[in-house]
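The structure appears right after this line, and notes come after that.
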C-alpha cells in the first residue's frame, strides 16, 4: 500500500517563504486546488496569497501542524535550520506521515541532517532546490532538482507539475542540493561571459539589441543571455535572484569543492567578482548587476552609456 496519497482537494499544503519566487510557486499550487497555510517573517509579503484564500500561521511549527506537506524556500542555510529544525520549526510541528520539502538552495549536509531528524519522527524530508529565477517561478517553468525518498518524491508529482517544467530525482538526501550547485557553477561562469561580451559590444560601438539578436540564437545562446542580457541592456538590475543569495550559493559550492579536493578556478573568480559587486552596494540587486562591477573595472559608467 502506498504511504502517501497526494492531490488537489485532499492534501493541505504549508508554505514558508513568500518572497520573489516563493509567492508565485505557492500561488500555482493554490490555483491547482491545494489549500494552503502560509508563514513569512514579513506578513505583508504574503498578503497576495492571503487575499487568494490562504490561511496565516504565526510560526513554521504552526504551519506544519495545519498541513500534510510543508514547503520552505527561505534565504540562507541558517534560515533553513531555524524554520525546519528550530524550537518552533517545522519538525517540531510535524506528526508521522507528513512530508517536508525544502526548496531553498542550501548545504547538502544540512539536507541530510534534516532528513535524519525528520525520519526520527516518521516524516519524509526532500531537498528540492529550483532553477529558473523569478520568470520560471511566475510561469511555472522551473527546473526542480530532487533528493530524498523516492516514494515521497513520486507522490508529490501533482505539486511538481504545478510549479515546474522539469523535475528529476537525483538521489538520496542532499543529492538535489548537489545538482543545484552544479547549476550554479554553470551560471556563474556564464554570467561572467554574458557581462563581458556585452561590455565588449558596447565599447566596439555595436548596437546592443542588434548584436543580441545575432548571438542569442546561435552556439553562444543561453538562458542567462536571453533573459538577463536583455535586462542588462535595458539597465534593469531589479532582482529576479538576489546577488547576496547567489554569493551564498557560490560559497557553498566552493566549500563542497574543497571537501572533494577539487580545484575550480572559474568558480572562484566568479565568486570574487560577485563579492566585489556586494562591496559596492549590489547585495540586493539581481545577478545581472555583475555588468556594473565589470564596467566599473574598465571605467565605464554602464548606466549612463
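See the values below:
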{"item": "Nearest 10 degrees, 0 to 90: helix 108-119 Cα axis against the chain principal axis", "result": "10"}
{"item": "Share antiparallel - DSSP beta bridges, the chain, percent rounded to 5", "result": "15"}
{"item": "The chain, relative contact order [Cα under 8 Å, separation at least 6], %", "result": "13"}
{"item": "Length-normalised contact order for segment 159-305 - Cα pairs under 8 Å, 6+ apart - percent", "result": "28"}
{"item": "Cα-based helix-to-principal-axis angle, 243-259 vs the chain, degrees rounded to 10", "result": "80"}
{"item": "Difference of contour (0.36 nm per residue) and Cα-Cα distance, residue 210 to residue 120", "result": "26.6 nm"}
{"item": "Theoretical gain in end-to-end length, residue 283 to residue 259 [0.36 nm per residue, Cα-Cα removed]", "result": "6.0 nm"}
{"item": "Net lengthening on full extension, residue 141/residue 268 (0.36 nm per residue, minus Cα-Cα)", "result": "42.8 nm"}
{"item": "With Cα atoms, 0 to 90° folded angle of helix 175-203 axis to the chain main axis", "result": "20"}
{"item": "Separation of the residue 301 and residue 165 label points, Cα + 7 Å toward Cβ, nm", "result": "3.9"}
{"item": "Relative contact order %, segment 32-151, counting alpha carbon pairs below 8 Å whose residues are six or more apart", "result": "19"}
{"item": "Residue order, fewest to most surrounding Cβ atoms within 10 angstrom, among 98, 180, 203", "result": "203, 98, 180"}
{"item": "Prolate/oblate/rounded call for segment 56-122, Cα gyration tensor, a/c under 1.5 rounded", "result": "oblate"}
{"item": "Helix-derived mean residue ellipticity, 222 nm - over the chain, DSSP H n ≥ 4, -39500 (n - 2.57), to 500", "result": "-13500 deg cm²/dmol"}
{"item": "Choice from 44, 171, 189 showing the highest fluctuation, given a GNM over the chain with Cα pairs closer than 10 Å", "result": "44"}
{"item": "Projected-area average for the chain over all orientations - Cα convex hull basis, square nanometres", "result": "16.5"}
{"item": "Three-way shape call for segment 122-186 based on the alpha-carbon gyration tensor, with the a/c threshold at 1.5", "result": "oblate"}
{"item": "Three-way shape call for segment 1-114 based on the alpha-carbon gyration tensor, with the a/c threshold at 1.5", "result": "oblate"}
{"item": "Relative exposure of 15, 302, judged by other C-beta atoms within 10 Å (fewest first)", "result": "302, 15"}
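Every number in this text was worked out from the coordinates using simple rules, so none of it is lab data. All values derive from a computational prediction rather than experimental measurement. Heads up, the Cβs are rebuilt from the backbone with ideal geometry, glycines too, and the neighbour counts pull from every protein chain shown.
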